[in-house]
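Participant: Mind looking over this structure? Questions follow.
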Amino acid sequence: MKFDVISDNYFYCEGIKSPQTEVHYVLSTQDIDHFFSQFEQNNHLIIAVENMHLRGMAIDLCRASQTKYVVLLEDMIKNDWFEIDNVIYFSMDCSQQHIRKIITSPVMNKGDKLTQRELDILPHVHLNNTTMATKLNLSQKTASGYKIILKRKLKMKAFNSLALARMKNAIMCTDVDDQGYLVS
C-alpha cells in the first residue's frame with residue numbers, strides 16, 4: 001500500500017519519508033493545486049496540513065474529485081483515531097504502521113460514533129456554553145454535556161475553545177478566512 005502525504009511542516013515531511021510514502025511539502029494554494037493536478041487516485045492520501053485554510057482547500061479538492069483521504073490532527077490523543085463519513089481522522093503522532101492497519105480494516109466501537117444530533121451540534125461546539133445553549137435552544141447543562149461527549153468521541157487531548165474550533169474546522173472545513181484564521 002502506497003501513501004501520498006501532503007504537509008506544510010518541513011520536519012514532519014522529512015521524518016515520514018519512506019519507500020512506501022511519497023511526501024509533498026505544500027506552503028501555498030498553488031502548491032495544493034499543483035499536487036492535485038498530478039495526484040494518482042489509486043494512492044491513499046494523507047493530509048497532514050496544519051494551516052486551516054490550506055487543509056480546508058485540500059479537503060475540498062478531495063471531496064470534489066471523490067478522492068479517499070485521511071486527515072492527521074495535532075489536537076488528538078496520541079495513536080488514536082475516529083471516522084466520520086468515511087473519512088478517518090488520526091492523531092498527528094500515529095505511526096505509518098498504525099495508519100496502514102486502520103485504513104485496511106477500520107473497526108470502531110458503536111459508542112464512539114457520532115450520532116446525528118452530535119453532528120448537528122458540532123458546528124457550535126467551539127462556542128461557550130451559554131451562547132451554544134441559546135443558539136440551539138438547550139439548557140447550559142445539556143450544552144456542556146454535549147461538549148464533554150464530543151471531546152471524548154473526537155479523542156481530544158485538550159479541551160479549550162481554540163482546540164474545539166480547530167477540530168470542528170478540520171471536520172467541516174468552515175469558518176476560516178484566506179489567511180487561515182477563524183472567523184465568527
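Participant: Taking region 38-73 as the region of interest, how many residues are in contact with a Lys or Arg (Cβ under 8 Å, 6 or more places away or on another chain), open to solvent by 10 Å² or more (accessible area, probe 1.4 Å) and under 30 Å from Phe159 (Cβ atoms)?
Facilitator: 1
Participant: Hey, among Lys78, Lys135, Lys153, which residue is open to solvent by less than 50 Å² (accessible area, probe 1.4 Å), basic (Lys, Arg) and at pLDDT 85 or above?
Facilitator: Values: Lys78 fails: open to solvent by less than 50 Å² (accessible area, probe 1.4 Å); Lys135 fails: open to solvent by less than 50 Å² (accessible area, probe 1.4 Å).
Unique residue meeting the criteria: Lys153.
Participant: Restricting to region 1-20, and then to whatever is in contact with a strand residue (DSSP E or B) (Cβ under 7 Å, 6 or more places away or on another chain) and among the hydroxyl-bearing types (Ser, Thr, Tyr), can you tell me which residue is surrounded by the fewest Cβ atoms within 10 Å (Cβ to Cβ)?
Facilitator: Top of the filtered list is Tyr10.
Participant: While we're looking at this one, here's another question. Residues of region 93-102 being open to solvent by 30 Å² or more (accessible area, probe 1.4 Å) and not hydroxyl-bearing (Ser, Thr, Tyr), which ones?
Facilitator: Within region 93-102, Asp93, Gln96, Gln97, His98, Arg100, Lys101 meet the criteria.
Participant: Under 7 Å between Cβ atoms, at least 6 apart or on separate chains: pull out the pairs that start in region 4-30 with a residue that is free of Cβ contacts under 8 Å to residues at least 12 places away in the same chain and end on any residue that is outside any loop (DSSP other than H, G, I, E, B) and surrounded by 13 or more Cβ atoms within 10 Å (Cβ to Cβ).
Facilitator: Filtered contacts from region 4-30: Lys17/Val23.
Participant: Within region 21-29, is even one residue touching an Asp or Glu at 6+ places or on another chain (Cβ under 8 Å), part of a loop (DSSP other than H, G, I, E, B), modelled with pLDDT of 90 or more and open to solvent by 50 Å² or more (accessible area, probe 1.4 Å)?
Facilitator: Scanning region 21-29, I find at least one residue that is touching an Asp or Glu at 6+ places or on another chain (Cβ under 8 Å), part of a loop (DSSP other than H, G, I, E, B), modelled with pLDDT of 90 or more and open to solvent by 50 Å² or more (accessible area, probe 1.4 Å), so the answer is yes.
The values are calculated or read from the model by the stated rules, or taken from the named source; none is laboratory data. Just so it is clear, the structure is predicted and the values come from calculations on it, not from any experiment. Neighbour counts run over all protein chains shown; Cβ positions are idealised from the backbone, glycine included. Note: accessible area is taken over every heavy atom of the protein model, side chains too, but ligands, DNA and RNA are not part of it. Shrake-Rupley method; radii C 1.70, N 1.55, O 1.52, S 1.80 Å.
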